[in-house]
Amino acid sequence: MSRADVTRARQRILVIKLGALGDFAQALGPFEAIRTHHDELDAATGGSGHAHITLLTTPPFRKLGEDTGFFDAVWDDGRAKGFSAMLSLVRRMSWARFTRVYDLQTSSRSSLYFHLLWPRTEWSGIARGCSHPHANPQRDLMHTIDRQAEQLRDAGIAHTPMPDVARLRGTRPAAQLLGTDAPYGLLVPGAAPHRPAKRWPAEYFGEVARAWADRGLLPVILGTAGEKPLADAIRAVAPSALDMTGATSLNDIVTLALGARAAAGNDTGPMHLVSLAGTPSVALFGSDSDPALCAPRGASVSVLQAPEISAITPEAVNAALGSCVGISEAEA
């Protein structure tokens, strides 16, 4: 077997990204960088120019992983429950003979996979003893996008693009989803149920919605079915707002974001999809999370933060969005 044949045989890559939604969205750039790097490496060594890349994730993100087009296979048992199930997963990883693993989760669980895996392989992550460690002692103080780009640089991938969520758009156009072709803005009033301090008051979202509606911009409320009470509270203030809670897939959210005039929302996963789509966005933070580490990024994102999230006023949100929602500088 020639050296080129050996190199081609080694292009079997595993990427670990288990969740959550915001983190998964921000990993789209690293996914693309890994695909580009290993395809180019495969072509340079006489291969087909297409490395075999597997994503290890969890069930909520299986379809998104497939929709990216970056992976040849998607495994969704990345959080296998119980030691027996974990050993079964590690056995399958061993049998796959991956020649490099990119651990973008960098958790204690994903690092444990490195220590259980046999034979050992090239590994980019934070597991003690791995071949390509991200050893920056300040890594936990870096924004997710910057941290992962640096991790890949340390593993030999020089350039990581910004995440491109447009590839995740759904099949139904925005007008079909909304039942109208009117201009619209997006409101994302939810957040993790166990972290209520991350939620801006629903009635404040209602005041924003009412201001949008007064200027001819349809307010569209996004969220899970369990967040319908938030939508009800918003519509109590702004009856013309359209409640889409529980009615959109993650792909639909991308579609709506690509056509929206503006968006406002809490520190929650859908806001990452919306902001990365390029929608002019305002992200709202209290003291419960740090925007320096996890703020949504995109072409036009403003972050408003106060020690108590309720101290941020609806007027401040609309002023930050300005002309996107038809508010002049004088009004702001």
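The values are calculated or read from the model by the stated rules, or taken from the named source; none is laboratory data. Just so we're clear, the structure is a prediction, and the values are computed from it rather than from any experiment. With ideal geometry, Cβ positions are generated from the backbone for all residues, glycine too; neighbour counts draw on all protein chains shown. For accessibility, only protein heavy atoms count, side chains too; no ligands or nucleic acids. Shrake-Rupley method; radii C 1.70, N 1.55, O 1.52, S 1.80 Å.
Subtracting the Cα-Cα distance from 0.36 nm times the residue separation, let me have the gained length for L116 to A175 in nm, one decimal.
16.3 nm
Can you list residues whose amide H is under 5 Å from A262's amide H, if they're 5+ apart or on another chain and H is modeled 1.01 Å from N?
Hits under the 5 Å cutoff: L186.
How do S275, S240, S84 stack up against each other in accessible area, from largest to smallest, with a 1.4 angstrom probe?
Descending accessible area places them as S84, S240, S275.
Most mobile of Q305, Q11, Q138 per a Gaussian network model of the chain (Cα springs, under 10 Å)?
For the chain, modelled as a Gaussian network with Cα springs under 10 Å, the answer is Q138.
Please list the equivalent ellipsoid semi-axes of the chain, computed as the square roots of five times the alpha-carbon gyration tensor eigenvalues, in descending order and whole angstrom.
Each semi-axis is the square root of five times an eigenvalue, giving 40, 20, 18 Å.
Given the chain, what count of lysine pairs have C-alpha atoms under 21 Å apart, with each pair 8 or more places apart or on different chains?
For the chain, the number of qualifying lysine pairs is 4.
Check each of the trypsin sites (Lys or Arg not before Pro) in region 141-250 and keep only those in coil by DSSP with at most 15 other C-beta atoms within 10 angstrom; list them in order.
The qualifying sites are R215.
Compute the accessible area per residue over the chain, keeping the other protein chains in place, probe 1.4 Å, unit Å².
Accessible area per residue: 43 Å².
Tally Lys and Arg at +1 and Asp and Glu at -1 over the other residues with C-beta under 10 Å from the C-beta of P183: what net charge comes out?
Net charge around P183: +1.
Leaving ligands, DNA and RNA out of it, work out the accessible area of C294 with a 1.4 Å probe and give it in Å² to the nearest 10.
In the full protein context, C294 sits at about 40 Å².
Quick one: pull the percent of accessible area on the chain belonging to carbon and sulfur, 1.4 Å probe, ligands and nucleic acids left out.
52
Given +1 on the Cβ of Lys and Arg, -1 on the Cβ of Asp and Glu, and no further charges, what dipole in debye does the chain carry about its Cα centre, rounded to the nearest 20?
Dipole about the Cα centre, nearest 20: 1360 debye.
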